[in-house]
Amino acid sequence: MMILLGIDSMMTSVEITITSILDFFPKLRKKSMYKVITITAICFIQFTASINFTLQSGTYWIEFVDYYSGNWAVFFVGALEAISISWFYGLNNFKKDLSLMIGEKYTNSKLFYGWYVCWFFICPVYLLVLTVLSLVNSKPLKTGSYVYPRWAQILGQLMTLSTFSGTLLWAIWLIIRNLFITKRPLIELIKPDFGNWKPLRKSDQLRMNRIHGLAVKQKDEIYEQTIEIEKF
């Protein structure tokens, strides 16, 4: 059972890493050799990094990583996700997107408005409270009678901060880009961008434009009619 649990955890972490890298570098998908080399390199790096956990000091490293791998940063990132979707992107826009995926039968239900309350208020507030409590109640890590040294505490906090660093650095880059490169107002950063963020398939893009009340080009209407005829 423990072996199956270990394999399951390993597959999750490996798949997330592989998918993220291949999505960020689409050229790696075009040739099977590039993809094989990428996956092999990822597996080798993660295997090498995990050898440390099999040594005599492995128990201490497991406790260290388990304690600092998420901590307050996970709660804070979750709160930012809930705020960005419900407050800035807009719950109505989010509802329209969900109706395209699961159907209006569910999104028009009165019970669905319970999710509105959760996304808009309960989840952000709850996660922010957990973030503050995690920071306030943070204590030096101990394993039995062993207290981790000062450098380990600093390293652990940096590791926790790295969980949040992607969100922070990306936000800083977008602000710098709008202020000094594109010379666009910062208010555009918190407005829905339907031009760049849209479904992959053309038919889904047309449905999205219609449900959000966006302009549909004539050639797109012709394309949509052709698809409907083919389905018929």
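A few points about this structure:
- Across all directions, the average flat footprint of the convex hull enclosing the Cα atoms of the range 1-118 is 11.6 nm².
- Under-5 Å amide H pairs with Thr143, H placed in peptide plane, nonlocal only: Tyr148
- Measuring against 31 Å, Cα to Cα, the residue pairs Lys110/Lys198; Lys35/Lys142; Lys31/Lys202 contain Lys35/Lys142 as the ones spanning a longer distance.
- Alpha carbon centroid spacing (whole Å) that separates the range 192-216 from the range 77-150: 26 Å
- Taking the square roots of five times each eigenvalue of the Cα gyration tensor of the range 70-178, the equivalent ellipsoid has semi-axes of 36, 19, 11 Å, listed largest first.
- Å² per residue, accessible surface of the range 152-198 at 1.4 Å: 74 Å²
- Solution diffusion estimate, µm²/s, Stokes-Einstein, the range 115-210, Kirkwood Rh from C-alpha pairs, 20 °C, viscosity 1.002 mPa s: 118 µm²/s
- Convex hull volume of the C-alpha atoms in the range 55-99, normalised per residue: 79 Å³.
- Lys35-Leu186 pseudo-label distance in nm [points 7 Å out on the Cα-to-Cβ vector]: 4.3 nm
- Remark: the range 167-180, residue by residue, has Karplus-estimated 3J(HN,Hα) of 5, 5, 5, 5, 5, 4, 4, 5, 5, 5, 4, 5, 6, 10 Hz, where x stands for each Gly or Pro and the curve is 6.51 cos²θ - 1.76 cosθ + 1.60 at θ = phi - 60°.
- Residue-by-residue Karplus 3J(HN,Hα) for the range 13-27, coefficients 6.51, -1.76, 1.60, Hz, glycine and proline x: 5, 5, 5, 4, 5, 4, 4, 4, 5, 5, 6, 6, 10, x, 4
- A straight chain from Leu100 to Thr12 at 0.36 nm per residue would run longer than the Cα-Cα distance by 28.9 nm.
- Calculated FRET efficiency for the pair Leu55/Trp151, C-beta based, R₀ 22 Å, to 0.05: 0.75
- Over the chain, the reciprocal of the mean inverse Cα-Cα separation, the Kirkwood hydrodynamic radius, stands at 22.4 Å.
- Carbon + sulfur, % of accessible area of the range 61-136 - ligands and nucleic acids excluded, 1.4 Å: 73 percent
The values are calculated or read from the model by the stated rules, or taken from the named source; none is laboratory data. Quick caveat: nothing in here was measured; it's all calculated off a predicted structure. Methodologically, a virtual Cβ is constructed for each residue, glycine included, from the backbone with ideal geometry; neighbour enumeration extends over all protein chains shown. Heads up: the accessible areas ignore ligands, DNA and RNA and are worked out on the full protein's heavy atoms, side chains in. Shrake-Rupley method; radii C 1.70, N 1.55, O 1.52, S 1.80 Å.
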